[in-house]
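Working notes, beginning with the structure itself.
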Amino acid sequence: MEWVISISAVGSMKEQIRPLDLVIPDQFFDATKRRVSTFFGDGIVAHVGMADPICPALAATLEKAARATGATVHRGGTYVCIEGPQFSTKAESRIYRSWGVDVIGMTNMPEAKLAREAELCYATLALATDYDVWHETHEVVSVEAVIQNLLQNVATAKDVLRRAIPAVNGPRDCGCAELLKNAVITSPAAFPLTTRRRLDLLLSKYYPPADLKKRAAVRRDPRRG
Ligand SMILES: [Zn+2]
């Protein structure tokens with residue numbers, strides 16, 4: 001698996017993004033609190049770049065498919081991810097709006113971070129269900145209204161996916177496949193074996209398993225204590 005398309009229900013944080021509109025964000029703000037947000041740690045440190053968290057090639061494919069459905073599509077924008085499961089208070093919603101975010105949701109973080117660490121192409125199709133709670137003249141966000149728009153958005157999302165998925169193929173020349181290349185800070189000689197084994201799927205490309213076997217053999221050699 002090399003591509004991840006996230007289908008996300010979101011609240012709109014801007015007047016011009018109306019309920020049932022589609023947004024393909026290009027930025028995130030992570031306001032989650034209690035989620036595991038990295039594959040690394042346990043003795044292997046990696047700092048993956050998040051400046052551009054969305055794969056531009058996959059986002060372009062999504063945009064083309066989304067526009068083909070006839071829906072209103074907004075390319076670009078910031079998705080703020082809150083912990084949930086409760087919706088925002090009005091104060092929180094106003095503060096997020098003052099930060100200039102475009103949509104609000106509860107699902108894209110930390111999966112977008114983990115996708116970058118796993119060198120996957122990641123893009124989001126966000127479907128607006130409501131105006132969150134900041135909109136003075138719009139009805140206060142109710143679970144019923146959200147669910148109703150959610151169901152309509154599910155049908156739209158399926159339509160977009162039917163068009164987008166056949167177009168996702170071929171070699172990746174977007175740079176996503178090399179995100180870990182210079183991201184691991186810990187010296188390979190200092191990798192704890194158990195952590196190195198746990199991260200084999202991510203690291204074997206850059207640190208061949210042969211090294212691992214050699215190190216394991218060294219460790220098992222009783223003459224080396
Ligand atoms: Zn990519």
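The values are calculated or read from the model by the stated rules, or taken from the named source; none is laboratory data. Owing to the predicted nature of the structure, the values given are computational and were not obtained by experimental measurement. Heads up, the Cβs are rebuilt from the backbone with ideal geometry, glycines too, and the neighbour counts pull from every protein chain shown. Ligands, DNA and RNA are stripped out before the accessible areas are found, and what is left, the full protein with its side chains, is counted by its heavy atoms. Shrake-Rupley method; radii C 1.70, N 1.55, O 1.52, S 1.80 Å.
Side notes on the structure shown:
- Within the range 73-85, residues that are buried (at least 18 other Cβ atoms within 10 Å of the Cβ) reach partners that are among the basic types (K, R) with beta carbons closer than 9 Å, at six or more positions or on different chains, in the pairs V73/R67; H74/K14; G77/K14; I82/K33.
Residue by residue, here is whether (1) in contact with a strand residue (DSSP E or B) (Cβ under 6 Å, 6 or more places away or on another chain); (2) within 16 Å of the ligand (Cβ to nearest atom) holds:
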| position | (1), (2) |
| --- | --- |
| V103 | yes, no |
| T107 | yes, no |
| P110 | no, no |
| A115 | yes, yes |
| L120 | yes, yes |
| Y131 | yes, no |
| I147 | no, no |
| L150 | yes, no |
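- Residue, most open to solvent (accessible area, probe 1.4 Å), within the range 107-163, restricted to residues that are part of a helix (DSSP H, G or I) and in contact with an Asp or Glu (Cβ under 8 Å, 6 or more places away or on another chain): K113
- If the condition is being more than 28 Å from H135 (Cα to Cα) and either of a type in the set (S, T, N, Q) or in contact with a Cys (Cβ under 9 Å, 6 or more places away or on another chain) (or both), then the range 60-92 contributes only T61.
- Among all residues of the range 60-80, there is at least one that is assigned by TED's automatic domain parsing to the domain that holds D159, closer than 21 Å to V143 by Cα, out of contact with any Ser or Thr (no Cβ under 8 Å at 6 or more places or on another chain) and more than 16 Å from the ligand (Cβ to nearest atom).
- Conditions (1) farther than 30 Å from S187 by Cβ; (2) in a loop (DSSP other than H, G, I, E, B); (3) of a type outside the set (D, E); (4) within 16 Å of the ligand (Cβ to nearest atom): number failed by M50: (1)
- Whenever a residue of the range 141-154 is without any contact (Cβ under 8 Å) to a residue 24 or more places away in the chain, it has no partner that is of a type in the set (V, I, T) lying with C-beta atoms less than 6 angstrom away and at least six residues away or across chains.
- The range 191-208, residues that are surrounded by 13 or more Cβ atoms within 10 Å (Cβ to Cβ), more than 14 Å from K181 (Cα to Cα) and not charged (D, E, K, R): F191, T195, L199
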